[in-house]
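The values are calculated or read from the model by the stated rules, or taken from the named source; none is laboratory data. Source: prediction; values computed, not measured. All Cβ positions, glycine included, derive from the backbone under ideal geometry; neighbour counts span all protein chains shown.
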């Protein structure tokens, strides 16, 4: 080897250790270390890894839970996430199916095949290295035929239905059923009569929700009865609606009512009109109609929101007699303040039975009342039990 | 037959939705998802129906020069402009639709809602009278809660907000819950009548 | 008509003018009443404080411009709070008008905290259906919202990486002015899936939600402009809600004065004419 060559070899011999140190340090700094290589100490593993079928679902889900690593939230606080892996056999290859942040001790595998047993592995990671693996017992998912968390609702629903059907049966057999007088409903005739005397139209406002709201359906039922009265007295009936479907339903209802009353010629479809879906646009439209048409009687029946007082105050300023009915607890105070009569909550649903006096409908009302009596008994009984430390009833009444 | 088919549809749909709540197993979970999707589609079509109806009514009024026909022009133009602006240029911030939204729709909507402030005052002045013992109690609670819910109450007496909160959290909530329970029972009873076809007035006629 | 009867039946236009003055004057010349934070608002604040950075929060804007004075300040305060804690916001709306409002509040807060769209927040937009949409989101968010409100595929947005359904969401907050709104989120989110749900509602509907608060179905709640003002206080700032509280205080005081005034003349009238009710 010549002199230059010997210098070069001497250079590399002395530089080599430095190169090796620099190379390993740069490797660590760039995060190029792969799991299981020589690194600072890995985090403690999670423990008690358990897997079980997710209950009360349509299958395909397994819930994996574990006790957090000692280094998660305590100790070195180095855990940043948990990796969840899955395999169909203990000896097989585990594939990662997901991860959760530190502090979380549960993961749901939503892609399992029903009936196939899976083994789940959970490893804590500090971003650089992984803990030792912890594996669960085999678990497989399945679909359930009954949601056990809703047993209480099934029992309550069945009991209420039984009571309603029982009293309907009693009514069918001709049994006399008493219901208390409801001032708002007794005043319906009076209101229609007053409007007729003054030669003014009746206005019926069916709320601002669509036909999928039970209050709107109840409103259509009452509209049928009011329309029948209006047809008999030959009083004009105005029905401004906030939804297209409600307008169609209202037109059909009023048309049939006029037919029933023997006055099909008096029916005018244009008096049942769609205004707008927009809440305050509708309020403005109805207010305008009230001030121009000056009705003698105004009915507000259905679901209302903030526009309730705007409508009721404007109606009051026209001097009309006002009867309201809604199952919106937040709007009841406004109607009570501004209207002459108010149907509170369930009285709206009782209206159809009350106005028609049909035995079947009265029977269902009775069943509903008995349902309420049972609710009150459970409330009182429950309060007493819980006061004495027996809170099992609370657990049983909770829905999952 | 005209009445039977809708009643049958109501019964089947009602029973299916009732049953699927308790049975997570397929096909009931799929049925629920399917009904959900159908409802989303129907809701969109209902919107189209409503807009079509609105255009029809106001076009007819305009043609016949019915009462308030000038306002029908305003309505139809507004509908057209907003629709074209949104469909043509998008609804993103800074666009024409967005400009109309913030500078026309928003002030109009807020103004109508603001009417409530005035109407609450006039309704309270007219209707809140201490006619009976219960009315007096109601009056006193209303005043306490109204003061408790604004900083003025805290300024007058630092316990007033707590008193107002107590009235809201206990007596008020008890009353609200009682009404809600009654309503829930009424809803179950009415729904049962409709599903079983006992209540048919909503379908028109007896 | 005697003076008593005349005062009892005061022209309501005079009442309207007095209310107008009671609201406008404090806005122009603030009084500076102190605002105390109530427990429901504190609980909501703490629910967000307890989340780890990187957690995802759904903020559902279920309101429209008519209730903006009450609810928009809540939206702003929440967006600021989430970004200050490095939480990720998944915005959406069950009301179509809520979507641009939510977007505006998130953009404002993003600018303050240096957050970017698609990475730290997203606006999925509006879908018709109310409770149906909530059920759909609970099961599969990308299937319900394949695109965000501006038409971008959500699969391309980093914030939606690994987000499939409610299992990947830590907190849901519904800012609601009616239906659909808080009730739907509580029924499905909390009732069916056990998620933590918070609410921001108008003052008039707040009483209806106290049962949910008491039962633990809502983790916290802001009620009306006062609730928004309290949250602004907790965020150590002021906003439109705090400034509006003075006007609200004076207006409340005036209405109480009207009620007492009217009752005074009613009772005087009754004494003089006991047969008249």
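Of these, A:177, A:132, which one is outside any helix (DSSP H, G or I), away from every other protein chain (no Cβ under 11 Å), surrounded by fewer than 22 Cβ atoms within 10 Å (Cβ to Cβ) and in contact with a strand residue (DSSP E or B) (Cβ under 8 Å, 6 or more places away or on another chain)?
A:132
Any chance you could count how many residues in the range A:327-343 are within 16 Å of residue B:176 (Cα to Cα), in contact with a helix residue (DSSP H, G or I) (Cβ under 7 Å, 6 or more places away or on another chain) and within 10 Å of chain B (Cβ to nearest Cβ)?
Residues flagged as within 16 Å of residue B:176 (Cα to Cα), in contact with a helix residue (DSSP H, G or I) (Cβ under 7 Å, 6 or more places away or on another chain) and within 10 Å of chain B (Cβ to nearest Cβ) within the range A:327-343 amount to 4.
For the condition surrounded by 14 or more Cβ atoms within 10 Å (Cβ to Cβ), closer than 30 Å to residue A:292 by Cα and at pLDDT below 90, what is the one hit in B:32, B:105? Please lay out each step first, then the result.
Values: B:32 fails: closer than 30 Å to residue A:292 by Cα.
Matching residue, one of B:32, B:105: B:105.
Could you tell me which of the residues C:178, C:194 is within 13 Å of chain B (Cβ to nearest Cβ), assigned to a loop (DSSP other than H, G, I, E, B) and closer than 23 Å to residue C:91 by Cβ? It would help to see each step written out before you state the result.
Working: C:194 fails: within 13 Å of chain B (Cβ to nearest Cβ).
Residue meeting the stated conditions: C:178.
So which of C:96, C:100 ends up being surrounded by 23 or more Cβ atoms within 10 Å (Cβ to Cβ), within 14 Å of chain B (Cβ to nearest Cβ), over 30 Å from residue B:166 (Cβ atoms) and modelled with pLDDT under 95?
Unique residue meeting the criteria: C:100.
Which of the residues belonging to the range C:127-159 are more than 16 Å from residue C:189 (Cα to Cα), buried (at least 20 other Cβ atoms within 10 Å of the Cβ) and more than 14 Å from chain B (Cβ to nearest Cβ)?
Answer for the range C:127-159, where residues must be more than 16 Å from residue C:189 (Cα to Cα), buried (at least 20 other Cβ atoms within 10 Å of the Cβ) and more than 14 Å from chain B (Cβ to nearest Cβ): just C:154.
Considering only residues that are away from chain C (no Cβ under 14 Å) and touching a strand residue (DSSP E or B) at 6+ places or on another chain (Cβ under 9 Å), which ones fall in the range A:84-111? Steps first, please.
Within the range A:84-111, the first condition is being away from chain C (no Cβ under 14 Å), and the residues that meet it are A:85-95.
If the condition is that a residue be away from chain C (no Cβ under 14 Å) and touching a strand residue (DSSP E or B) at 6+ places or on another chain (Cβ under 9 Å), then A:85, A:86, A:87, A:88, A:89, A:90, A:92, A:93, A:94, A:95 are the ones that fit.
Which one of these is outside any loop (DSSP other than H, G, I, E, B) and in contact with a helix residue (DSSP H, G or I) (Cβ under 8 Å, 6 or more places away or on another chain): A:122, A:108?
A:108
From (1) modelled with pLDDT of 85 or more; (2) out of contact with any helix residue (DSSP H, G or I) (no Cβ under 6 Å at 6 or more places or on another chain), pick out the condition that doesn't hold for residue B:206.
(1)
Quick test for you: out of C:57, C:37, C:23, pick the one residue that is in contact with a helix residue (DSSP H, G or I) (Cβ under 6 Å, 6 or more places away or on another chain), over 21 Å from residue B:107 (Cβ atoms), in contact (Cβ under 8 Å) with a residue 40 or more places away in the chain and within 11 Å of chain B (Cβ to nearest Cβ).
C:37
Scan the range C:204-215 and give yes if some residue there is part of a loop (DSSP other than H, G, I, E, B), buried (at least 22 other Cβ atoms within 10 Å of the Cβ), within 12 Å of the chain's Cα centre (by Cα) and at negative phi, otherwise no.
Of the residues in the range C:204-215, the ones part of a loop (DSSP other than H, G, I, E, B) are C:204-205, C:215.
Right, trim to buried (at least 22 other Cβ atoms within 10 Å of the Cβ) and you get C:204-205.
Still in the running and within 12 Å of the chain's Cα centre (by Cα): C:204-205.
Narrowing further to those that are at negative phi: C:204-205.
Looking through the range C:204-215, at least one residue is part of a loop (DSSP other than H, G, I, E, B), buried (at least 22 other Cβ atoms within 10 Å of the Cβ), within 12 Å of the chain's Cα centre (by Cα) and at negative phi.
(1) within 13 Å of chain A (Cβ to nearest Cβ); (2) farther than 30 Å from residue A:147 by Cβ; (3) surrounded by fewer than 15 Cβ atoms within 10 Å (Cβ to Cβ): which one isn't true of residue B:57, the others all being true?
(3)
To keep it simple, each residue is scored yes or no on (1) modelled with pLDDT under 85; (2) surrounded by 16 or more Cβ atoms within 10 Å (Cβ to Cβ); (3) closer than 30 Å to residue A:156 by Cα.
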residue	(1), (2), (3)
B:138	no, no, no
B:143	no, yes, no
B:156	no, no, no
B:159	no, no, no
B:191	no, yes, yes
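Residues that are within 14 Å of chain B (Cβ to nearest Cβ), out of contact with any strand residue (DSSP E or B) (no Cβ under 6 Å at 6 or more places or on another chain), farther than 30 Å from residue A:278 by Cβ and free of Cβ contacts under 8 Å to residues at least 40 places away in the same chain: does the range A:213-224 have at least one?
Looking through the range A:213-224, none of the residues is within 14 Å of chain B (Cβ to nearest Cβ), out of contact with any strand residue (DSSP E or B) (no Cβ under 6 Å at 6 or more places or on another chain), farther than 30 Å from residue A:278 by Cβ and free of Cβ contacts under 8 Å to residues at least 40 places away in the same chain.
Going through A:199, A:207 one at a time, which residue ends up being in contact with a helix residue (DSSP H, G or I) (Cβ under 6 Å, 6 or more places away or on another chain) and at positive phi? Give the derivation first.
On the way: A:199 fails: in contact with a helix residue (DSSP H, G or I) (Cβ under 6 Å, 6 or more places away or on another chain).
Result of the check over A:199, A:207: A:207.
All but one of (1) more than 7 Å from chain C (Cβ to nearest Cβ); (2) at pLDDT below 85; (3) closer than 30 Å to residue C:9 by Cα hold for residue B:110, so report the exception by its number.
Exception for residue B:110: condition (1).
Step by step: first the residues of the range C:160-175, then only those that are in contact with a helix residue (DSSP H, G or I) (Cβ under 8 Å, 6 or more places away or on another chain) and part of a loop (DSSP other than H, G, I, E, B), then the one that is surrounded by the fewest Cβ atoms within 10 Å (Cβ to Cβ). Which residue is that?
Among those residues, the one meeting the criterion is C:162.
Would it be correct to say that residue C:19 is part of a helix (DSSP H, G or I) and not assigned by TED's automatic domain parsing to the domain that holds residue C:81?
When the stated conditions are applied, residue C:19 passes them.
Restricting attention to the range A:55-70, report how many residues are in contact with a strand residue (DSSP E or B) (Cβ under 7 Å, 6 or more places away or on another chain), part of a loop (DSSP other than H, G, I, E, B) and more than 13 Å from every other protein chain (Cβ to nearest Cβ).
Residues meeting the conditions: 1.
Can you pull out the residues in the range C:157-172 that are out of contact with any strand residue (DSSP E or B) (no Cβ under 7 Å at 6 or more places or on another chain) and without any contact (Cβ under 8 Å) to a residue 12 or more places away in the chain?
C:161, C:162
Mind counting the residues in the range B:1-26 that are more than 26 Å from the chain's Cα centre (by Cα) and closer than 15 Å to residue A:147 by Cβ?
Count: 7.
Give the residue, chosen from C:241, C:262, C:251, C:208, that is at the interface with chain B (Cβ under 8 Å from one of its Cβ atoms), modelled with pLDDT under 90 and within 30 Å of residue C:14 (Cβ to Cβ).
C:262
Tell me, yes or no, whether the range C:258-266 has at least one residue that is in contact (Cβ under 8 Å) with a residue 24 or more places away in the chain, within 24 Å of residue C:48 (Cβ to Cβ) and either out of contact with any helix residue (DSSP H, G or I) (no Cβ under 8 Å at 6 or more places or on another chain) or outside any loop (DSSP other than H, G, I, E, B) (or both).
no
Hey, can you tell me all the residues within the range A:225-263 that are within 13 Å of chain B (Cβ to nearest Cβ) and assigned to a strand (DSSP E or B)?
Residues satisfying the conditions are A:240, A:241.
Out of the residues in the range A:356-387 meeting the condition of being at negative phi and at pLDDT below 85, tell me which one is farthest from the other protein chains (Cβ to nearest Cβ).
A:359
Can residue C:122 be described as in the same structural domain as residue C:65 (by TED's automatic domain parsing), under 25 Å from residue C:53 (Cβ atoms), at pLDDT 95 or above and buried (at least 24 other Cβ atoms within 10 Å of the Cβ)? Working first, answer last.
Values: in the same structural domain as residue C:65 (by TED's automatic domain parsing): yes; under 25 Å from residue C:53 (Cβ atoms): yes; at pLDDT 95 or above: yes; buried (at least 24 other Cβ atoms within 10 Å of the Cβ): yes.
The answer is yes for residue C:122.
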